[in-house]
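Bear in mind these aren't lab numbers, they're just calculated from the coordinates by the rules spelled out. What you are looking at is a predicted structure, and each value in this text was computed from that prediction instead of being measured. Here the Cβ positions follow ideal geometry from the backbone for every residue, glycine too, while neighbour counts run over all protein chains shown.
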Amino acid sequence: MWFDVVITLSCAGCGLVCGWIMCAVTGLDIDHYSDVVAKRGKGRDTDQVTAEQLSQVANRLRDFATTMVENVDAHQTRVQAVNEELQEAGDASSEVVLAAVSQLIQSNESMQSQLQDAKDRIQQQTMQLESAERRAETDALTQVPNRRAFDAYVKRRHAEGPGGAGTLALLDVDLFKQFNDVYGHRAGDEVLRVVANVLHSHLQPYGLVARFGGEEFAIILDECPISEAAQKIEKARVAIGQLVIEFEGQPLRVAASAGVATLLEDETVESWLQRTDDALYYSKEQGRNCAHRMQGKKPSLIELASEETEFPNPDMLSFGDGDSEDGTVLRAIEGNGVFASLANRSSLEKSFNDIRSRTQEAVSVHLMVVMCAPGLRNSSIRSILQVVRMPLRSVDRIGAIDDSTLLVCMPSADAELARQRGEQICHSIASLGIKTLDDQVPPVRVGLAEASPGEDFNRIVSRALQEAVGQSDNADLA
């Protein structure tokens, strides 16, 4: 009798696990992903994700589930066969019982292995679906959200009404067409990437930064008061003007103009965008390299408060690394400068303290440092920066400690999530095939540290740095 109970529980357990996997898989709405990506895919480059690719991924998940059903059926058949043998044997000897138990153990171990394999593959495919969804909403050149992502976001903010919708801004790179015509599209592309990095590092924690089209970026800040939002946007715009680029032996500067507006009563999304664009156009008319805020329908100049007029002096940036097609060498004036557009250490410390003050330290916060190997080319460091930014959430904040070390603040992230992020970054960078001066040294070392209650920011950073320095294998994090 006891043996019948063991067999019944074994079959029931496998059936429940298989049922869980089937529910997880069949719960995927393939039509939803197909429709969403099909709509977004119009007019996009061929390297963008397609509805057909997503459907293939989802179909593979269903194939996994079908295979698992077959495996569970086979397992139950083996268990039933053992049960029948015991019943036919009647008063079975100890040798017969031990043999039956051995068969059941082997069958259970095989079933557990198959279930774990299916779980791992389903998790991998689910991550691919999530990654595909992110790529469909990301501008390929600048790696910030694209126009479609912005359109969806601005509609959600508009639904909050005046006072809750946030602050809308449009920022345009001044004289970009002339700049592009003179120095070439490769130079222009790099300008857009640099501008996107500056805007993202300064403003992304407070809302959304998206590429609106061409050399124009759209910004919605909804995590700070309107007066503060205007100051933050102007500070980011001024930071863009501080960048110095050497191209063909000439130091070049990039400037930008901006328009800012808040939602009026009974105003449509289109009207809100138009008034913001009017403010941007007014900035252009006033000589460019400035920002204006619409007070109703009247533009007024945005000026930084006295305490906001000092900025960290970023390193000189280059338009690229190595030789261009026409033989022109593109190099930085000083240092590698790739991280110069990111928030600095003191800015991240302020964000960290703000998070703590808002949550009374009730939310766990992890700091992650990514240390680049010595001697990497600018193009390699730039690729590393893009990889690090990809898995970050809207609440995460990225900055730089120095020219070779990134610092990421991750609020509301538990230890397992932070570790997975670190491992994902390490694996992705390793797959790039980046060459280092010493083949035994990995391209990056990653360190993690969780903030303890009341612990000083610099102390947490030191712990993360110590872990990064102690990493002997960049593919695995402790």
### Message
At 7 Å along Cα-to-Cβ for each site, give me the label-to-label distance between residue 430 and residue 181 in nm.
### Response
5.0
#### Entry: Extension gain from residue 441 to residue 253, taking 0.36 nm per residue of separation minus the Cα-Cα distance
64.1 nm
#### Entry: Length gained when the stretch residue 105-residue 415 is fully extended (0.36 nm per residue, less Cα-Cα span)
108.1 nm
### Query
What order, most packed first, do the peptides 263-276, 201-214 have when packing is the mean number of other Cβ atoms within 10 Å of each residue?
201-214, 263-276
### Task
Could you list, in their original order, any pairs among 235/297; 177/435; 155/350; 298/350; 155/284; 232/298 whose Cα atoms are separated by more than 29 Å?
177/435; 155/350; 298/350
### Query
How far, in nm, would the chain grow between residue 298 and residue 159 when pulled straight, counting 0.36 nm per residue and subtracting the alpha carbon separation?
47.6 nm
### Message
Just to verify a number: FRET efficiency for residue 458 and residue 379, C-beta to C-beta distance, R0 = 41 Å, to 0.05?
### Response
0.80
